[in-house]
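**Student:** One structure follows; several queries about it will come next.
The values are calculated or read from the model by the stated rules, or taken from the named source; none is laboratory data. Note that the structure is predicted; figures quoted are calculated from it, not measured. Every residue, glycine as well, gets a Cβ built from its backbone with ideal geometry; the counts of neighbours run over all protein chains shown. Just the protein is used for accessible areas: all its heavy atoms, side chains included, with ligands, DNA and RNA removed. Shrake-Rupley method; radii C 1.70, N 1.55, O 1.52, S 1.80 Å.
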Amino acid sequence: MIVTPAELKQTAGRLLGVDFGDVRTGLAVCDAGRMLAGGIGYISPGGLAKTAEAVAQEGKNRGVVGFVIGCP
């Protein structure tokens with residue numbers, strides 16, 4: 001589900017930032033209060049479907065409530 005920034009402000013919990021790239025996809029996670037975020041590395045599974053699956057799994061592993069996707 002896609003939400004607007006205003007709707008996102010009404011939620012609580014950690015978010016996973018995703019910066020898709022041609023070679024690798026960068027990931028960052030914020031704290032539960034959404035005050036600080038830091039890079040946690042990158043993934044390079046190959047292909048859009050595999051990358052999406054890996055991002056979803058990373059989100060599940062880290063207990064995030066949503067994703068913020070960077071625009072190229």
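**Student:** Using Cα atoms only, what is the angle between the long axis of helix 48-62 and the major principal axis of the chain, expressed in degrees (0 to 90) to the nearest 10?
**Tutor:** 40
**Student:** Please list V65, V29 from largest to smallest accessible area, probe radius 1.4 Å, with all protein chains kept in place.
**Tutor:** Values: V65 90, V29 15 Å².
Descending accessible area places them as V65, V29.
**Student:** While we're looking at this one, here's another question. By accessible area of protein heavy atoms, probe 1.4 Å, what ranking do R14, R24 get, highest first?
**Tutor:** Of R14, R24, the descending order of accessible area is R24, R14.
**Student:** If we count every other residue with Cβ under 15 angstrom of I43's Cβ, Lys/Arg +1 and Asp/Glu -1, where does the sum land?
**Tutor:** Net local charge, I43 excluded: 0.
**Student:** Take the stretch 7-72, drop everything but the C-alpha atoms, weight them equally and run the Debye formula without solvent; then report log10 I(q)/I(0) at 0.20, 0.21, 0.22, 0.27 Å⁻¹ to two decimals.
**Tutor:** Debye curve over Cα of the stretch 7-72, log10 I(q)/I(0) at q = 0.20, 0.21, 0.22, 0.27 Å⁻¹: -0.76, -0.83, -0.90, -1.24.
**Student:** Right, next: Given a cut-off of 15 Å, what percent of all Cα-Cα pairs of the stretch 1-41 lie beyond it?
**Tutor:** Working: 411 of 820 pairs.
More than 15 Å apart: 50 percent of the Cα pairs in the stretch 1-41.
**Student:** Follow-up. State the percentage of accessible surface on the chain attributable to carbon and sulfur atoms; use a 1.4 Å probe and exclude ligands, DNA and RNA.
**Tutor:** Values: 3130 of 5220 Å².
Carbon with sulfur: 60 percent of the solvent-accessible area.
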